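One structure is given here, and the rest of the page talks about it.
The values are calculated or read from the model by the stated rules, or taken from the named source; none is laboratory data. Note that the structure is predicted; figures quoted are calculated from it, not measured. Here the Cβ positions follow ideal geometry from the backbone for every residue, glycine too, while neighbour counts run over all protein chains shown. Calculation scope for accessible area: heavy atoms of the full protein, side chains included, ligands and nucleic acids excluded. Shrake-Rupley method; radii C 1.70, N 1.55, O 1.52, S 1.80 Å.
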Amino acid sequence: MSKSDPALDITHLEGPLGQRVYTALRSSILDMSLEPGAILRKGALCEQLGVSRSPVAEALGRLSSDGLVDIIPQSATRVSQFSMAELLEEDFLREAVETAAVARVAEDHTPDQLMRLSRNLRLQALLVEDADFQGFFEADLEFHEMILGFTGFPKVTMVAEEMTLQLRRARKLILPEPGRPAEAVAEHRLILAAIEAKDSSAAQTAMSRHLRQLIKRIKPLERQHPDYFRPT
């Protein structure tokens, strides 16, 4: 592990030991505390986490299946680097799922669901006003997760998260973006207004326009952070 690795802590987590190790490592990778390309040494992880090699090996195997680490036999385990092709694909998949989801929610939603989206949007505005970009990032994620969840299909949120893990990591690299959070709040307001009006077509259009702003900011990352990307 690199000297910049965070102090991993599993004492506050619940569940079997392997699950806790997996959760801690996954969170550190997704929030970019463990950077793309960072070497993960089992011995160092065991010492840092205070566990044996078995739960660490289990966790790394699961992270490999998630595409978050690369296990090189007889060599090393590294946090996976980005691939621009993969990020573009995930962005395409995200738009396909979320535009379908928001159309369904626009057609069929409850007053309570509208209230929760509206409350989240007010929180977003306050966080932007306070320049709390990490807080805004989390509220932004929640806004989109709620829309996915309101479809009534339990697997949609889980599947959407699993197929956009690399994109979620990359988004951390572009925080804070001057002026962008306020723009995103305005775009979210248009999405919510279309949902309230039960206009599925307008909701899809607003969601699509909103999501397409992201890829414009993702594309320069390969030039700005070459060490984080796989050699082409």
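Conditions tested, residue by residue: (1) farther than 19 Å from Leu141 by Cβ; (2) open to solvent by 50 Å² or more (accessible area, probe 1.4 Å); (3) not assigned by the TED database to the domain that holds Met146.
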position: Ser33; (1), (2), (3): no, no, yes
position: Leu40; (1), (2), (3): yes, no, yes
position: Leu49; (1), (2), (3): yes, no, yes
position: Leu63; (1), (2), (3): yes, no, yes
position: Asp108; (1), (2), (3): yes, yes, no
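Is it the case, given these coordinates, that Leu175 is assigned to a helix (DSSP H, G or I) and either touching a helix residue (DSSP H, G or I) at 6+ places or on another chain (Cβ under 8 Å) or in the same structural domain as Gln224 (by the TED database) (or both)? No: the conditions fail for Leu175. Pairs are defined by a Cβ separation below 6 Å, a sequence spacing of at least 6 or placement on different chains, a first member in the stretch 176-200 that is open to solvent by less than 30 Å² (accessible area, probe 1.4 Å), and a second member that is among the polar types (S, T, N, Q); the pairs so defined are Val185/Gln124.
Say we look at the stretch 201-223 and pick out the residues that are closer than 21 Å to Pro36 by Cβ and either in contact (Cβ under 8 Å) with a residue 12 or more places away in the chain or touching a Cys at 6+ places or on another chain (Cβ under 7 Å) (or both); which of these is surrounded by the fewest Cβ atoms within 10 Å (Cβ to Cβ)? Residue satisfying both the conditions and the ranking: Lys219. Scanning the stretch 10-31 for residues that are of a type outside the set (A, V, I, L, M, F, W, C) and touching a helix residue (DSSP H, G or I) at 6+ places or on another chain (Cβ under 7 Å) turns up Gly18, Tyr22, Arg26, Asp31. Helices (runs of 4 or more DSSP H) fully within the stretch 48-137 that include at least 2 residues being closer than 25 Å to Ala184 by Cβ: 84-107, 111-129.
When Leu123, Leu88 are checked against the criterion of being of a type outside the set (D, E, K, R), assigned by the TED database to the domain that holds Asp199 and in contact with an Asp or Glu (Cβ under 9 Å, 6 or more places away or on another chain), a single residue qualifies: Leu123. Would you confirm, using the coordinates I've provided, whether Leu114 is open to solvent by 30 Å² or more (accessible area, probe 1.4 Å), under 16 Å from Asp199 (Cβ atoms), in the same structural domain as Leu221 (by the TED database) and among the aliphatic types (A, V, I, L, M)? Against the criterion (open to solvent by 30 Å² or more (accessible area, probe 1.4 Å), under 16 Å from Asp199 (Cβ atoms), in the same structural domain as Leu221 (by the TED database) and among the aliphatic types (A, V, I, L, M)), Leu114 qualifies.
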